[in-house]
1. Look at region 101-112 and say how many of its residues are closer than 26 Å to Lys12 by Cα and part of a strand (DSSP E or B).
2. Output the residues belonging to region 113-130 that are free of Cβ contacts under 8 Å to residues at least 60 places away in the same chain and either out of contact with any Pro (no Cβ under 8 Å at 6 or more places or on another chain) or part of a loop (DSSP other than H, G, I, E, B) (or both).
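Rule-based calculations on the coordinates, nothing more; no lab input. In this text the structure is predicted, and so the values were computed from the model without any measurement. Don't worry about glycine lacking a Cβ; one is built from the backbone with ideal geometry, like all the others, and counts go over all protein chains shown.
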Amino acid sequence: MLRKFKISVDGKEYLVEMEELTASSQPVAQATAVQPPSQPLPDIKEEPAAVPQEPVQAAASRMEPEHVMASPMPGTILKLFVAIGDTVKVNQPLMILEAMKMENEIVAPQDGKITDIFVNLGQTVDAGTKLIGIG
């Protein structure tokens, strides 16, 4: 499945297309080694863990979602553009996930209806955390 992300680097926006690979798919090319930076990276101070909260919109739907979207990376939920019951189209923006000071637009992988929202605004999520159910 091809997914699109909008990435902002030094004030310039780039549209990046990424293909989601499954266990049965073959990689397109081998990864190449990346040279280490010429200067040492600054120390990063770890933020205290956020207290888990109940989702803003509880998973109250009776039907099972066809697709549950998981977070592609760790980050913080900055914006939610949809609510339970909303109808969405493929590649429609659903939320903004901030990761490493970059705002990543999470888009719908398919047409459907929002059946569940598993996260809150301001919530910190790990890679693989359930975000939204689409049915």
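1. Selection size over region 101-112: 6.
2. Selection gives Lys113, Ile114, Asp126, Ala127, Gly128, Thr129.
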